[in-house]
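Here's the structure, in structure tokens; my notes come after.
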Amino acid sequence: MSSVVQRVGIAAWTIIGCVLVAMIAVSALAAVSELVLPLIFAVLVGAAIYPLARRLQRWMHPAAAAATVVLGSLASIGLVAVMVVRNIVQETGSLARQIDLALSELGGTTDSVGLDTETLERIRAALRDAAALIGRGIASLLVGGIGAVVGFVAGIVLAVLIGYYVLKDGPIIKAWIVKQFPPTAQPEVRDFLS
């Protein structure tokens, strides 16, 4: 019986230990997420657009080619962001007009539904109150989102800097990573990174 209890105790403490290690690992990643996420993003995007940078390096210095690709990517992202924001702002006015039109149409059909003018006015007042509440919620969301925007901008700046060096020094970084492995595994690692 004592060996069964001992095995159950060892298994229980092993599970507790694994859970604690997982919690520590997740907490550590959350603490450095403002660094890790831009790093991962920059490496993935850099790997995707590396062939373009490599092609440009035939005509330009590697630093200039990397800068051209990074700035071109930033310009593309900026253009998409401007288009999205512009369309959202344009739709805001359209949504308000549609709500006003729906309320006017509702006012014209109150007789067939059996709503009197007083009930319709209460509905309008409730909708105005809801709109004001939504407006306050959006305002507090915007104010609360300033920290997120600052973190996002800092992450973008970090990703741009890392991406620049990934594009500029890609072969040097690849060679360094390959050298970290035993000589027998280096060909496999080199093929994997290619």
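The values are calculated or read from the model by the stated rules, or taken from the named source; none is laboratory data. All figures in this text were calculated on a predicted structure; none of them were measured in a lab. Glycine also receives a Cβ, built like all others from the backbone with ideal geometry; neighbour counts cover every protein chain displayed. To get the accessible areas, we keep the full protein, side chains included, count just its heavy atoms, and leave off ligands, DNA and RNA. Shrake-Rupley method; radii C 1.70, N 1.55, O 1.52, S 1.80 Å.
A few remarks follow.
- Residue tally, condition open to solvent by less than 70 Å² (accessible area, probe 1.4 Å) and modelled with pLDDT under 80, over the range 1-41: 4
- Scope the range 97-114; condition open to solvent by less than 50 Å² (accessible area, probe 1.4 Å) and either at pLDDT 75 or above or of a type outside the set (Ser, Thr, Tyr) (or both); matching residues: LEU103, GLY107
- Residue in the range 71-85 that is under 30 Å from ALA126 (Cα atoms) and out of contact with any Lys or Arg (no Cβ under 9 Å at 6 or more places or on another chain) present: yes
- Neighbours by Cβ (under 9 Å, 6+ apart or cross-chain): first from the range 168-194, polar (S, T, N, Q); second in a loop (DSSP other than H, G, I, E, B) and open to solvent by 100 Å² or more (accessible area, probe 1.4 Å): none
- Residue list for the range 178-194, restricted to those being among the aliphatic types (A, V, I, L, M) and open to solvent by 60 Å² or more (accessible area, probe 1.4 Å): LEU193
One line per residue, one yes/no per condition, for (1) surrounded by 10 or more Cβ atoms within 10 Å (Cβ to Cβ); (2) out of contact with any strand residue (DSSP E or B) (no Cβ under 9 Å at 6 or more places or on another chain); (3) at pLDDT 65 or above; (4) assigned to a loop (DSSP other than H, G, I, E, B):
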residue: GLU118; (1), (2), (3), (4): no, yes, yes, no
residue: ILE123; (1), (2), (3), (4): yes, yes, yes, no
residue: ALA131; (1), (2), (3), (4): yes, yes, no, no
residue: LEU142; (1), (2), (3), (4): yes, yes, no, no
residue: GLY147; (1), (2), (3), (4): no, yes, yes, no
residue: GLY151; (1), (2), (3), (4): yes, yes, yes, no
residue: GLY155; (1), (2), (3), (4): yes, yes, yes, no
residue: ALA159; (1), (2), (3), (4): yes, yes, yes, no
residue: ILE162; (1), (2), (3), (4): yes, yes, yes, no
